[in-house]
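Data block below; observations after.
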Amino acid sequence: MSLPHSVPALNTKAQSLSRTFTADVAQLLEEFLAAKSIEVGQITTSAVEIVNAITSLTRGGKRLRPLFAFWGYLGAGGQAEDRDIVRLGVALELFQAAALIHDDIIDNSDTRRGQPSVHKRFEAQHQELELAGSARNYGMASAILTGDLCLSLSEEVFSEISSLTAQARTIFNQMRTQVMAGQYLDVLEESAGPAYDPKEAVKRARTIVRFKSAKYSTENPFLLGGALAGASESLMEHYSAFALPLGEAFQLRDDVLGVFGDPEITGKPTGGDLLEGKRTELIAHALLLSSPEEQDFIQTRLGAVDLGKEEVLRLSSILRESGALAATEQSISELTAQSDLALSTLQVTPLAHAGLQQLSNAVTKRSK
């Protein structure tokens with residue numbers, strides 16, 4: 001078959017495999033959570049709602065982390081029909097759900113994927129049932145427990161992988177530690193940021209991006225798939241060279257969308273990251289590029305509880321006009337180029353290459 005015909009054929013086959021895999025992950029996830037609902041219901045039907053909240057949250061999303069694991073698995077010689085890679089996909093989805101639930105609590109976010117965040121869901125339940133005490137406290141406490149259950153369920157599914165290797169176990173354990181440490185750095189940065197040296201802000205922001213998001217979004221799922229299939233040390237190193245800069249570009253794009261994205265597409269309010277006080281790389285660049293007066297405005301008003309619409313617009317304008325947005329877009333371009341170069345030299349089958357190229361496009365060329 002000539003190249004012009006083979007490339008479209010490979011792309012079509014890769015898309016088909018990805019769709020089949022994500023459907024398999026969704027089905028196993030539904031079945032697993034349905035069984036957990038019965039198990040919890042045998043303790044008390046009142047507690048089934050925590051499983052319902054997880055089920056609702058995990059029905060959405062792009063399944064990017066499972067897909068990275070899948071193509072890492074296939075790239076290292078794994079078979080598409082193997083059930084263990086589906087179990088890994090479910091474990092990753094549950095881990096991400098836990099991270100999202102806790103992240104929304106930390107950021108006090110009202111929405112997730114266009115729906116009420118889990119703590120807001122439980123807050124509404126408190127009001128509907130006319131329970132005693134604070135609806136807000138009830139919502140927060142219930143969501144924390146739901147996130148904890150997600151973490152537990154993620155580990156349960158992961159431990160059921162029959163071909164689990166010592167290397168995969170190590171990567172999974174490290175991934176969880178990295179995310180928690182990265183999340184703490186994010187919390188610390190939001191609280192201590194004004195007192196820190198702005199000259200180091202970009203470096204600090206990139207460290208948070210790497211450990212809070214990039215590693216668990218792309219690199220570690222990719223490595224987990226490779227480890228399950230017995231990838232060589234050399235291949236795993238090449239996997240990291242491709243996936244880590246891609247994950248950082250993914251999070252930086254998320255940061256841009258968190259300020260400039262369309263709320264109807266992102267499911268988040270206009271300037272949501274500004275309202276939440278997130279000290280992203282966008283903010284770090286602005287602290288270096290804007291005027292002293294603008295820097296003072298950022299330091300004093302970013303994330304303020306009484307931050308108004310006009311102030312959000314002013315912050316957005318500073319980010320754009322100072323060159324902070326352009327600098328962040330440049331970082332995204334550079335990271336994407338690093339990832340593309342690594343992908344071009346990655347020694348995997350043409351089919352796996354096509355699947356990874358599609359994932360790369362999905363990560364870097366998105367509006368939500």
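Out of segment 41-105, which GluC sites (Glu not before Pro) are coil in DSSP terms and have no more than 12 other C-beta atoms within 10 Å? Passing both the DSSP loop test and the Cβ count: 81.
Seen through its C-alpha gyration tensor, with square-root eigenvalues sorted a ≥ b ≥ c, segment 1-116 comes out prolate because a/c lies at 1.5 or above while a/b is bigger than b/c. The lysines within cross-link reach of residue 120, meaning a Cα-to-Cα straight distance under 17 Å and a gap of 8 or more places when in the same chain, are 268.
Helical runs (DSSP H, four residues minimum) scored at -39500 (n - 2.57) apiece and divided by the length of the chain put the mean residue ellipticity at 222 nm at -24500 deg cm²/dmol. For the chain, the percent of C-alpha pairs falling in each 10 Å distance bin, counted from 0 to the bin holding the largest distance, reads 5, 23, 31, 25, 13, 3, 0, 0.
About its Cα centre, segment 13-360 has a charge dipole of approximately 520 debye under the convention of +1 per Lys or Arg Cβ and -1 per Asp or Glu Cβ, with nothing else charged.
Taking Cα centroids, how far is segment 18-56 from segment 191-213 in Å? Computed from Cα coordinates, the inter-centre distance equals 37 Å. Per residue, segment 39-108 exposes an accessible area of 35 Å² to a 1.4 Å probe, with every protein chain left in place. Computed in the context of the full set of protein chains, the accessible area of segment 212-368 at 1.4 Å probe radius has 53% of its extent on carbon or sulfur. Going down the table (215/365; 13/62; 13/212), which pairs top 28 Å between alpha carbons? Going by Cα-Cα distance, 13/212 fall outside the 28 Å limit. In the full protein context, segment 153-254 carries 40 Å² of accessible surface per residue, based on a 1.4 Å probe and ignoring ligands, DNA and RNA. Translational diffusion coefficient of segment 131-287 (Stokes-Einstein, Kirkwood radius from Cα pairs, 37 °C, 0.692 mPa s): 184 µm²/s.
The values are calculated or read from the model by the stated rules, or taken from the named source; none is laboratory data. Because the structure is a prediction, the values reported are computed rather than measured. Positions of Cβ are backbone-derived with ideal geometry, glycine not excepted, and every protein chain shown enters the neighbour counts. The protein model used for the area step is the full one, side chains on, heavy atoms only, and it has no ligands, DNA or RNA in it. Shrake-Rupley method; radii C 1.70, N 1.55, O 1.52, S 1.80 Å.
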